[in-house]
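Below is one structure, written out as structure tokens; comments come after it.
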Amino acid sequence: MVPTDDINEVKEVINYIRAMDEGLKRTSHELFSVEILQEIHSILLKGTRSGKKEPGKIRTVQNWIGPSGSNRHLATFVPPPPEKVPELLADLESFIVTDDRIPPLIKIGLVHAQFETIHPFIDGNGRLGRLFITFYLCQKGILARPILNLSIYLKQHREEYYHHLQKIRIEGDWESWLKFFLRGIIEVSKEALANAREIIVLKERLLDTLVKNNAGGLNAVRLLDLLFTKPIVTVADISSGLDISHQPAYDLVDQFEKLEILREITGKKRYKKYLFVDYLRIIERGTGQ
Ligand SMILES: Nc1ncnc2c1ncn2[C@@H]1O[C@H](COP(=O)(O)OP(=O)(O)O)[C@@H](O)[C@H]1O
Ligand SMILES: [Mg+2]
């Protein structure tokens, strides 16, 4: 991987987290508006490879989806012409905010497919459309926190995902898409549940380890709690997080390293950073855009 790609990827992840935070805040009281879409889109793409492609701006040109380097005639899908986009988004908005009797999981499945079909931006439609699934489920109270990440499933089954979107258009086959979508919800829910259980077991195991090794007393338990909210730390983070001075924070880190709870990652003499390895291994399974 060339370094610029690397930087780009880091930026994309940071933007994604910012977009998630801001989107959850904005959609907690107002579910959908074109302004919200634009705002989140601009956070998502700013300063990345896609950043040249007009962050936050609804497209005014024709786009298409197809193999890279292809043209409109070879495209698998040509989204609606730009002059139709505002009207289609307005329709989608009224569908989203209408209080009908469609169960929320079905409704967001329909909304996602329609959003991808409208393809209102030049780039970033996939990421934004998937973020919106989380916003919707949180707003409807189906998720208390944004822990269910359907993107992993959609990525693992990318071909099938695209195929179903395509079949809606060609054959009007909404049912197959919805079945595929709901299977995904079930699959990632099960994984999220298993991960949550694993985190609880990990916490119990580590508390046990601390007690058995007679390690660090109350501050060690407090550090463990802190690590579950901040799994990458410096000694300074620990000292401010636990409100203790530098030396005892350093001693705690030393103990946690010996017990293999923390691992230093910089290899430097100063400004060391420590990873809460077992926990990160669990939570990284749930990430992905
Ligand atoms: N045949 C299709 N019809 C409609 N949408 C599609 C189709 N194939 C792919 N997509 C959607 O388009 C997204 C890619 O569009 P793009 O704007 O490049 O988004 P991103 O940059 O976030 O990947 C895919 O992730 C998928 O959601
Ligand atoms: Mg793209």
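What follows is calculated from the coordinates using simple rules that are stated; it is not laboratory data. Everything quoted here is computed from the prediction, not taken from an experiment. Here the Cβ is made from the backbone with ideal geometry for all residues, glycine too, and neighbour counts use every protein chain on show.
Among all lysine pairs in segment 118-274 that are eight or more places apart or on different chains, how many have alpha carbons less than 15 angstrom apart?
Values: K167/K179; K203/K212; K203/K230; K212/K258; K230/K273.
Number of lysine pairs found: 5.
With an 8 Å cut-off on Cα pairs and a minimum separation of 6 or more residues, tell me the relative contact order of segment 191-286 in percent. Show your work: numbers first, answer last.
Values: 80 pairs, mean separation 28.8, N = 96.
Rounded, it is 30 percent for segment 191-286.
How would segment 141-289 be classified by its alpha-carbon gyration tensor: rounded, prolate or oblate, with rounded meaning a/c under 1.5 and the a/b versus b/c comparison settling the rest? Please list the in-between numbers first.
Details: a/c = 3.60, a/b = 2.67, b/c = 1.35.
Prolate shape, in that a/c is at least 1.5 and a/b is the bigger ratio.
Round to the nearest 10 and give me the degree value, 0 to 90, for the angle of helix 34-45's Cα axis relative to the longest principal axis of the chain.
Long axis of 34-45 versus the principal axis of the chain: about 50 degrees.
Over segment 1-135, what is the relative contact order in whole percent, taking alpha-carbon pairs under 8 Å and six or more residues apart? Present the calculation step by step, with values, prior to reporting the outcome.
On the way: 134 pairs, mean separation 33.3, N = 135.
The value is 25 percent.
I'd like the GluC sites (Glu not before Pro) in segment 141-224 restricted to DSSP loop residues with at most 16 other Cβ atoms within 10 Å, sorted by number.
Taking segment 141-224 and a limit of 16 other Cβ atoms within 10 Å, no loop GluC sites (Glu not before Pro) are found.
Using alpha carbons only, how many degrees (0 to 90, rounded to 10) separate the axis of helix 104-118 from the longest principal axis of the chain?
That works out to roughly 60 degrees.
List the trypsin sites (Lys or Arg not before Pro) within segment 60-101 that DSSP assigns to loop and that have no more than 10 neighbouring Cβ atoms inside 10 Å.
R72, R101
Angle check, please: helix 85-97 long axis (alpha carbons) against the longest principal axis of the chain (alpha carbons), in degrees 0 to 90, nearest 10.
The angle comes out near 60 degrees.
Report the dimensions of the chain along its three principal axes from the alpha-carbon atoms, largest first, rounded to Å.
Taking max minus min along each principal axis of the Cα atoms, the chain gives 67, 42, 34 Å.
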